[in-house]
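The values are calculated or read from the model by the stated rules, or taken from the named source; none is laboratory data. Here the structure is a predicted model, which means the values were calculated and not measured. Cβ placement follows ideal geometry from the backbone for every residue including glycine, while neighbour counts extend to all protein chains displayed. SASA here: full protein model, heavy atoms, side chains in, ligands and nucleic acids out. Shrake-Rupley method; radii C 1.70, N 1.55, O 1.52, S 1.80 Å.
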Amino acid sequence: MLKKRLIVCLLLRNGVIVQSKGFKKYQNLGNPTAIVQRLSDWCCDELIYLDISTEPAYDLRRDDLKGPNRRSINDIISDVAAHCFMPLAFGGGVRTLDDILLRIRAGADKVVVNTSALESPGFITQAAREFGSQCVVVSIDALKTGNAVWEVYKNGGRVPTGRAPAEWAREAEDRGAGEVFLNSIDRDGMGTGYDLELLRAVCSAVNVPVISCGGVGDWEHLKQGLDAGASAVAAANIFHFTENSVYNAKKHLFEGGVDVREPVFFAHNASVEMGENV
Amino acid sequence: MTKKIGVINYGSGNFTSVYNAFRSLAPEVRVIDRPEELLSVTHLVLPGVGSFISAMERLTKMGLVDSLNKAILTGRPFLGICVGMQVLADVGFEHGEFRGLGILSGAVKKIDSHGLRLPHIGWNEVEPVRENILYCGMRKPIFYFVHSYHFVSNSLSVVSGTCDYGNKIVCSVSHENIHGVQFHPEKSQRDGLHLLKNFISA
């Protein structure tokens, strides 16, 4: 049977991986490509990179990052993809079909769209027609505003839209989204678990897979997310600080009877040289 | 004779990933951009993502339809991945009815998952139907899938692997030198790379 997925979400800000809290505080964590091999070896099911940069080009002058200076998001995607034998999704700043094409050509399997889909829902349909629904993930950032009431925000969680997440998820699906990536803004970086009520509401509204994100502080939170109906559970911050954390998270789920891929360490030394684009 | 893997570049999204995966395993991997190059390699790989019709349109535009048919008839090992496998069929029913390459008899139809969420996205266990070079040396292989349509073969004997998703789904087909996999070996870590290695040894 289809396994439940454990997805690592990496936030990219001006070329470096960062940790975030409430979509506001950011702490630099390092080079975007160094982490990929390790994650792949330790049984990560998928990777999602979200580019939350404020500048379109990055110039990594820090010697300690041990990587050549990179100029654009596509260079970063190419480097990451060269070492990534697992599914890769990229989001952040995806506004046009060309943006999607460039990322796919660079090596991404899926793209994540958020603000551009809200502002022009027809974009989802165009993208699905051109690249296939399975390539289009619609990301929904939701803030809890009352008892069992949430509002969808755009522009990196800064601008309210007046829309309810379940209703927007349903429209996104109708328009051709292949998956929904659901983020809780208020739970982000708090470590208190997913907003399960929000998750349940969106899962029951759509028939496409839902990926839950925002709030994981404990491996048990991942299990709660899957029990609430998520097809995949994602987290960002928690995976940065514990050694072999992806493996441990998977082990916790697997031993708890959750149907995930059995955690097995697999080292593959790719001989693909960095920077060789085809 | 040295093995030369030719990965066909017809604008398919997963070309780079497939190319990179083979580069990490095989000494010689080439990009096939033109029909003439198909016979310059020992193994042919056709990647594919997106819709059936867009793949067929691109293959037709590049003049690859007839030449690919001929190249496959020479007996060199061929591997189609995802949509690259689906186009082997006579016909595909995604967004309409469209002709495929007609190399393996069958049709590409929407998965009937008995209510389970579609697309079929994620890691699923594949059951090899019989001894097959693709799965040689693997125990309980698991691969990454991302699709809503699958190949329904007119001949059960070409089906080489299936998986469960509400219903049985065709995961791979094999007939003489022709192989096709619905899942993405280039994205399936250990088992995926193992399968590609097996294909190289064909």
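Within chain B, no whole DSSP H helix has Cα atoms reaching 15 Å or more along its own axis together with a mean Kyte-Doolittle score of at least 0.0.
The charge dipole of chain B, taken about the Cα centre with unit charges on the Cβ atoms of Lys, Arg (+1) and Asp, Glu (-1), comes to about 360 debye, rounded to the nearest 20. Loop-resident trypsin sites (Lys or Arg not before Pro) (DSSP state other than H, G, I, E or B) in the range A:138-219 with no more than 14 further Cβ atoms inside 10 Å of their Cβ: A:Arg158. Within the assembled protein chains, the solvent-accessible surface assigned to B:Glu36 is about 120 Å², based on a 1.4 Å probe.
Once each of the trypsin sites (Lys or Arg not before Pro) sitting in a DSSP loop with at most 13 other beta-carbon atoms within 10 Å is removed, chain B keeps B:1-129 as its longest stretch. Here is the list for the range B:127-193: GluC sites (Glu not before Pro) lying in DSSP coil, each with at most 10 other C-beta atoms within 10 angstrom of its C-beta, are B:Glu131, B:Glu176. Divided by 2.2 N^0.38 Å, where N counts the residues, the Cα radius of gyration of the range B:86-149 comes to 1.32. Computed with a 1.4 Å probe over protein heavy atoms only, the accessible area of B:Tyr19 comes to about 20 Å².
In this calculation the C-beta distance from A:Glu197 to A:Val159 is compared with R0 = 22 Å, giving a FRET efficiency of 0.40. To the nearest 10, the accessible area of B:Ser160 is 0 Å² with a 1.4 Å probe.
Other residues within the sphere of radius under 10 Å centred on the Cβ of A:Phe265, judged by their own Cβ, net out at 0 (K and R +1, D and E -1).
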